[in-house]
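Encoded as structure tokens, the structure appears first; notes follow it.
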Amino acid sequence: MFSAARSADSNIDDICKLFRSTGYSSQPGAKRPPNYPESYFSRVPINETFISMVIGRLRSDDIYNQVSAYPLPEHRSTALATQAAMLYVTLYFDASILHTQQAKMREIKNYGCLMVISIYMGISVNLAEAWEPYKAAKTALNYTLDLSNVKEQASRSAAVTERVHTQVQQFLKEGCLREELVLDNIPKLLNCLRDCNVAIRWLMLHTADLGYDPNSKRLRQIKDQVLTDSKYNPKILFQLLLDTAQFEFILKEMFKQMLSEKQAKWESYRKEGSERMAELADVFSGVKPLTRVEKNENLQAWFREISKQIMSLNYEDSTAAGRKTVQLIQALEEVQEFHQLESNLQVCQFLADSRKFLHQMIRTINIKEEVLITMQIVGDLSYAWQLIDSFTSIMQESIRASPSMVTKLRATFLKLASALDMPLLRINQANSPDLLSVSQYYSGELVSYVRKVLQIIPESMFTSLLKIIKLQTHDIIEVPTRLDKDKLRDYAQLGPRYEVAKLTHAISIFTEGILMMKTTLVGIIKVDPKQLLEDGIRKELVKRVALALHRGLTFNPKAKPSELMPKLKDMAATMDGFHRSFEYIQDYVNIYGLKIWQEEVSRIINYNVEQECNNFLRTKIQDWQSIYQSTHIPIPKFAPVDESVTFIGRLCREILRITDPKVACYIDQLNTWYDMKTHQETFLSMFQKTVMHDRGVHEALKSLMKSVSPLKGIVANCAKVYSTAVAKTQKIWAAYLDAIMKVGQMQILRRQIANELNYSCRFDSKHLAAALENLNTAILADIEAHYQDPSLPCPKEDNTLLYEITAYLEAAGIHNPLNKIYITTKRLPYFPIVNFLFLISQLPKLQYSKNLGMVCKKPADPIDWPPLVLGLLTLLKQFHSRYTEQFLALIGQFIRSTMEQCTRYLFPLSLRVLKVLADLQVALMLPLA
């Protein structure tokens, strides 16, 4: 922890020194800084004697006990690979060895024939490049890097690869790996496994692009030599890796099963052998009749003794039991020969069975865990943690060609999981609490790679699915409920229907391929193939639907007429095609297609709404915070094409543009907007700035308040009072009108959306709609009863019921946007009278129609009555109810005063009064609708 006050034991300077930049870059082709990494390691001095002892042990001893698993001399470099990686790093702590001590470097290089070594979790280093600046190290490499030696090593690798691949394929033939053959040929099988893994390791490390600097001519030449002489073919190498992994997996599973059954089988064989000897003793006793067997007390006693000897064998002392079993087998062979028992077939059979059981006991007692440990050591694939990604395209092409390939890939993924042993070994030995988190991380990385490889199956399925969509949408005619016999041939459409069946079969084959993988434990994460398939289908669906929405809902704001309806119709056809095809194939792939469709489309919409709302939020919701975003099934983000972030914003802005009250008139009776010219179908900060800070407006409002007080009275000379106030405040109404009508326009759109949601909910899910309505009514009744009688129960503030039910009600359209409070507000002086003046200032621009209600008087004077009224109502709803009461009182006073003036001077009732009466009726009725 940093402290401003420097203390005696502060390590801040040392930490800064350690973490200071070295200038090193891991980018391909980047030059290594001078004296790197020895200068970096020297920042924290380590005792030279200790370094020398470590290097000495690493040079001379097999500290990881790997040589026992690799007894052949040609496998020495592989056996000491882990140790070599440690030594490579440790040498940089004493760079003088690399620079000047040629004898030591020659001894170190005698580790083997590897030019490329793996340090940790797939990080590879080419020694020719890494040791170029060091004289002694470079000299020690001269023979290894000689082209004749490279050719010899590569040619030997090619020969070994060809030989072992043939052997492995032979072992993998059906019925070859039987228990008896495995037990009799353990050394041979392990040798084959060693050769396979050594060949794979050498080829993967020495042919990978990561191991060679593309700017070095010498390294390029060496790489070309390796590729040529090793006859490198990535597909053949990948096939060898697959076959080796499958061979290794089968052997491991067999040995695990045999180990678990070892004692039970051994005791069973012992019992069978003992019983055979006891039965033979009974035969020679004369008690048990057997054809042509005379009584022989010596043989009877001997066989009884052998029976006891067999039963006395002890499973726990396997060495003594093995030796004694061999002696018993020899004794049974001798007794058959010396006592001329060959003439009796029954006795010979009994002896043969007994020897067979004794042989089985020897085989079984030799099943040891050391074989599994050797296979685990030999099968290490940690060096390929990064290199394996270069084979991803080959894996996917193989799966596309043969979905059953997934079963072999399962074994390869499990083999790759051996890489987890390396980072976890020391953590486990130290009993660190980080074991679980590190295991979780690396297991998660491996599972992500498994998902990446197997994603080709959903991609291939969707390629076929798109063809099905096209056929179902454009080619296949839907068969009517009733059909004339003579028209049957026209509707049969055998060609397109055969094509659909063929594509459906291909999809089901892909599904079968991934389900053959079975549930697998990858590291500490259990991978369920069915869940993997469903996640893959969801991921591909999300990617394609999101792309369709992004491309399909892009509008040109200058287009006339608007592109909205044509593009929505095209989008509806696209989405309907996805929906129908998902519904069609769900039974063939054994998934809940429509459930997946509803969940993922809903998630896409909600995520894009959330991202669009970020424009209006101070605290943005990032992807990792979003409840709609997922790591395994990510919703793609696209670059904005205009001011909107997502297609939701573009859609909203296009709807707002074509329903703008300046260019469109909303007819409430028809629920439709009409263009004012063509008649075709188609707040608070501003208040404070323009009203409260304008001295002239402020004085006019103050004067009007005096004139209209009290509100229950009549305003004398009302025409002059109102017209004067309107004239003095005229300059503020243009901006105010825009703001009010925008709010009203959005409220109308909200009402239309709510109506559409409610209609769909009642039609598609009537039980849900009825349940929500009843629950809502019951909750409101309980709340109302509670306020009348506080002793009755009511949902408390910490109860989430009201919030949760509100989300459901809004999703089902069971709500009224006009009654909703959107913001919290403060008290504003003159607020009711400002809105009253605003309303009467706009009335001259409107005229009353019996059929349509209030409509704009002149097209050049854009004002629309429904958005105006709803905007005012929404604005008043955000404030205390007394503001609404004062606003309505001012309107009532205006009507009374105007009628009084007309009656007193015998004027006919003005059209303005009629309009205000109609307006007031509409204003009071709309919120109740």
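Take Phe357 and decide whether it is open to solvent by 30 Å² or more (accessible area, probe 1.4 Å), closer than 19 Å to Trp302 by Cα and at pLDDT 80 or above. Judged against the criteria, Phe357 is a match. The one condition from (1) open to solvent by 30 Å² or more (accessible area, probe 1.4 Å); (2) farther than 24 Å from Gln455 by Cβ that Leu553 does not meet is (1).
Scan the range 722-732 and give yes if some residue there is of a type in the set (Gly, Ala, Ser) and modelled with pLDDT of 85 or more, otherwise no. It would help to see each step written out before you state the result.
Taking the range 722-732 and keeping what is of a type in the set (Gly, Ala, Ser), we get 723, 725, 727.
Within this subset, residues satisfying the condition of being modelled with pLDDT of 85 or more are none.
No, the conditions are met nowhere in the range 722-732.
Residues in the range 624-658 that are surrounded by 15 or more Cβ atoms within 10 Å (Cβ to Cβ), part of a loop (DSSP other than H, G, I, E, B) and small (Gly, Ala, Ser): Ser626, Ser630, Ser644.
Of the helices (runs of 4 or more DSSP H) lying entirely inside the range 21-130, those containing at least 1 residues that are farther than 22 Å from Leu205 by Cβ are 38-41, 48-60, 95-100, 102-109. For the range 101-113, the count of residues that are under 46 Å from the mean Cα position of the chain (by Cα), buried (at least 17 other Cβ atoms within 10 Å of the Cβ) and of a type in the set (Val, Ile, Thr) is at least one. Entry remark, the range 758-776: residues being within 34 Å of the chain's Cα centre (by Cα) and either of a type in the set (Lys, Arg) or within 14 Å of Glu810 (Cα to Cα) (or both) number 6 in total.
Only one of Glu810, Glu784, Glu804 is open to solvent by 50 Å² or more (accessible area, probe 1.4 Å), of a type in the set (Asp, Glu), over 37 Å from the mean Cα position of the chain (by Cα) and modelled with pLDDT of 85 or more; which?
Glu784
Considering only residues of the range 146-170 that are among the hydrophobic types (A, V, I, L, M, F, W, C) and open to solvent by 10 Å² or more (accessible area, probe 1.4 Å), which is nearest to Leu98 (Cα to Cα)? Among residues in the range 146-170 that are among the hydrophobic types (A, V, I, L, M, F, W, C) and open to solvent by 10 Å² or more (accessible area, probe 1.4 Å), the one nearest to Leu98 (Cα to Cα) is Leu147.
Counted as qualifying within the range 437-516 are the helices (runs of 4 or more DSSP H) with 3 or more residues that are of a type outside the set (Phe, Trp, Tyr), in contact with a Pro (Cβ under 9 Å, 6 or more places away or on another chain) and open to solvent by less than 60 Å² (accessible area, probe 1.4 Å), namely 494-515. Which is within 26 Å of Met741 (Cα to Cα), within 23 Å of the chain's Cα centre (by Cα), among the aliphatic types (A, V, I, L, M) and modelled with pLDDT of 85 or more, of Val601, Val609? Of Val601, Val609, the one residue that is within 26 Å of Met741 (Cα to Cα), within 23 Å of the chain's Cα centre (by Cα), among the aliphatic types (A, V, I, L, M) and modelled with pLDDT of 85 or more is Val609.
Could you pull out the residue among Asp789, Asp782, Asp738 that is of a type in the set (Asp, Glu) and closer than 30 Å to Val726 by Cα?
Numbers: Asp789 fails: closer than 30 Å to Val726 by Cα; Asp782 fails: closer than 30 Å to Val726 by Cα.
Unique residue meeting the criteria: Asp738.
Taking the conditions (1) open to solvent by 40 Å² or more (accessible area, probe 1.4 Å); (2) assigned to a helix (DSSP H, G or I); (3) at pLDDT 75 or above in turn, Leu914 satisfies each one other than (3). Of the residues making up the range 211-223, one or more are in a helix (DSSP H, G or I), under 30 Å from Lys31 (Cβ atoms), open to solvent by less than 40 Å² (accessible area, probe 1.4 Å) and among the aliphatic types (A, V, I, L, M).
Yes or no: Val116 touching a strand residue (DSSP E or B) at 6+ places or on another chain (Cβ under 9 Å), surrounded by 14 or more Cβ atoms within 10 Å (Cβ to Cβ) and within 26 Å of Leu242 (Cα to Cα)? Can you show your working first?
Values: touching a strand residue (DSSP E or B) at 6+ places or on another chain (Cβ under 9 Å): yes; surrounded by 14 or more Cβ atoms within 10 Å (Cβ to Cβ): yes; within 26 Å of Leu242 (Cα to Cα): yes.
Taking the combined requirement at face value, the residue satisfies it.
Comparison of Glu305, Glu370, Glu337, Glu316 shows that the only residue that is out of contact with any Ser or Thr (no Cβ under 8 Å at 6 or more places or on another chain), open to solvent by 40 Å² or more (accessible area, probe 1.4 Å) and not in a helix (DSSP H, G or I) is Glu316. Of everything listed in (1) polar (S, T, N, Q); (2) closer than 30 Å to Cys902 by Cβ; (3) at pLDDT 90 or above, the single unmet condition for Asn774 is (2).
Across the range 840-872, the number of residues qualifying as modelled with pLDDT of 85 or more and farther than 30 Å from Glu756 by Cα comes to 0. Selection of the range 699-734 for residues being open to solvent by 50 Å² or more (accessible area, probe 1.4 Å), among the hydrophobic types (A, V, I, L, M, F, W, C) and within 18 Å of Ser841 (Cα to Cα) yields Met705, Ala719, Ala727, Ala734.
Residue by residue through the range 556-569, note down the ones that are open to solvent by 50 Å² or more (accessible area, probe 1.4 Å) and of a type in the set (A, V, I, L, M). Correct list: Met565, Leu568. Looking at this structure, is Val160 of a type outside the set (Ser, Thr, Tyr) and under 18 Å from Asn197 (Cβ atoms)? Yes: the conditions hold for Val160. Of everything listed in (1) of a type outside the set (D, E, K, R); (2) in contact with a His (Cβ under 9 Å, 6 or more places away or on another chain); (3) within 23 Å of Asn47 (Cα to Cα), the single unmet condition for Gln83 is (2).
For Val283, state whether it is open to solvent by 60 Å² or more (accessible area, probe 1.4 Å) and among the β-branched types (Val, Ile, Thr).
Values: open to solvent by 60 Å² or more (accessible area, probe 1.4 Å): no; among the β-branched types (Val, Ile, Thr): yes.
Answer is no for this residue.
Residue-level check: of (1) open to solvent by less than 80 Å² (accessible area, probe 1.4 Å); (2) in a helix (DSSP H, G or I); (3) over 30 Å from Lys415 (Cα atoms), Gln330 misses just (1).
Selection of the range 592-631 for residues being closer than 16 Å to Phe582 by Cα and touching a helix residue (DSSP H, G or I) at 6+ places or on another chain (Cβ under 7 Å) yields Tyr592, Gly593, Leu594, Ile596, Trp597, Glu600, Val601.
Among the criteria (1) of a type in the set (Val, Ile, Thr); (2) in contact with an Asp or Glu (Cβ under 7 Å, 6 or more places away or on another chain); (3) open to solvent by less than 30 Å² (accessible area, probe 1.4 Å), the one Ile621 does not fulfil is (3). When Glu900 is tested against (1) out of contact with any strand residue (DSSP E or B) (no Cβ under 9 Å at 6 or more places or on another chain); (2) surrounded by 17 or more Cβ atoms within 10 Å (Cβ to Cβ); (3) assigned to a helix (DSSP H, G or I), just one condition goes unmet, and that condition is (2).
The values are calculated or read from the model by the stated rules, or taken from the named source; none is laboratory data. Since we're looking at a predicted model, the values are computed, not measured. Note that each Cβ is placed from the backbone with ideal geometry, even for glycine, and that neighbours are counted across all protein chains shown. Just the protein is used for accessible areas: all its heavy atoms, side chains included, with ligands, DNA and RNA removed. Shrake-Rupley method; radii C 1.70, N 1.55, O 1.52, S 1.80 Å.
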